[in-house]
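Note sheet for the following structure.
Just so you know, all these numbers are worked out from the coordinates, no wet-lab data involved. Everything numeric here is computed off the predicted structure, so don't read it as measured data. Reconstructed Cβ throughout: ideal geometry from the backbone, glycine too, with neighbour counts over all protein chains shown.
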Ligand SMILES: [Zn+2]
């Protein structure tokens, strides 16, 4: 851990839930990352939707992701009250998700870096998946 600001935990608001994403957040509460996968075309996607965004089939199902991914892009939000890193992480299962990179020295983050999921508590809601370098 480096700078003091990075050791400070950012306060996270609770995610909004819908019938489409309830199972996703329930799993997050158990420390599991779910991804929605289409059995018609075989593509996984994120954020979870009932209808496949690739082929518009409704034959989509939940799979438990490995929680492993790589950083596709990121930016350090240094002007926020508690600086944080906004990033796109490409999951091992294929889809990319917008997330935060946490628990690391922001200056050492690199595109293509391997990361793994960690769940961070929110204010009155389920924990949200974020990623930390392996
Ligand atoms: Zn599909």
Within segment 28-43, residues being buried (at least 19 other Cβ atoms within 10 Å of the Cβ) and in contact (Cβ under 8 Å) with a residue 24 or more places away in the chain number 6
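Scan segment 79-92 for residues that are outside any strand (DSSP E or B) and in contact with a helix residue (DSSP H, G or I) (Cβ under 8 Å, 6 or more places away or on another chain) and report the count. Quick ask: steps written out before the conclusion?
The initial filter retains those residues of segment 79-92 that are outside any strand (DSSP E or B), namely 79-83, 92.
Next, only the ones that are in contact with a helix residue (DSSP H, G or I) (Cβ under 8 Å, 6 or more places away or on another chain) stay: 82-83.
Of the residues in that region, 2 qualify.
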Is there a residue being within 13 Å of the chain's Cα centre (by Cα) and within 19 Å of residue 134 (Cα to Cα) anywhere in segment 35-52? no
Taking segment 93-133, which residues are assigned to a loop (DSSP other than H, G, I, E, B), surrounded by fewer than 16 Cβ atoms within 10 Å (Cβ to Cβ) and either on the phi > 0 side of the Ramachandran plot or free of Cβ contacts under 8 Å to residues at least 40 places away in the same chain (or both)? 94, 103, 110, 112, 124
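Do we have any residue at all in segment 63-74 that's within 16 Å of the ligand (Cβ to nearest atom) and surrounded by fewer than 16 Cβ atoms within 10 Å (Cβ to Cβ)? Please lay out each step first, then the result.
Pass one, segment 63-74, residues within 16 Å of the ligand (Cβ to nearest atom): 63.
Filter again for surrounded by fewer than 16 Cβ atoms within 10 Å (Cβ to Cβ), leaving 63.
For segment 63-74, residues within 16 Å of the ligand (Cβ to nearest atom) and surrounded by fewer than 16 Cβ atoms within 10 Å (Cβ to Cβ): present.
Does at least one position in segment 25-45 carry a residue that is outside any strand (DSSP E or B), within 16 Å of the ligand (Cβ to nearest atom) and in contact with a strand residue (DSSP E or B) (Cβ under 8 Å, 6 or more places away or on another chain)? Working first, answer last.
First, the residues of segment 25-45 that are outside any strand (DSSP E or B): 25-33, 39-43.
In the following step, the residues that additionally are within 16 Å of the ligand (Cβ to nearest atom) were identified as 39-43.
Next, only the ones that are in contact with a strand residue (DSSP E or B) (Cβ under 8 Å, 6 or more places away or on another chain) stay: 39, 43.
Yes.
Could you list all residues from segment 5-31 that are touching a helix residue (DSSP H, G or I) at 6+ places or on another chain (Cβ under 9 Å) and farther than 24 Å from residue 80 by Cβ?
Scanning segment 5-31 gives a single hit, 17.
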Flagged in segment 46-59 as farther than 22 Å from residue 117 by Cα and more than 6 Å from the ligand (Cβ to nearest atom), in numbering order, are 50, 51, 53, 56, 58, 59
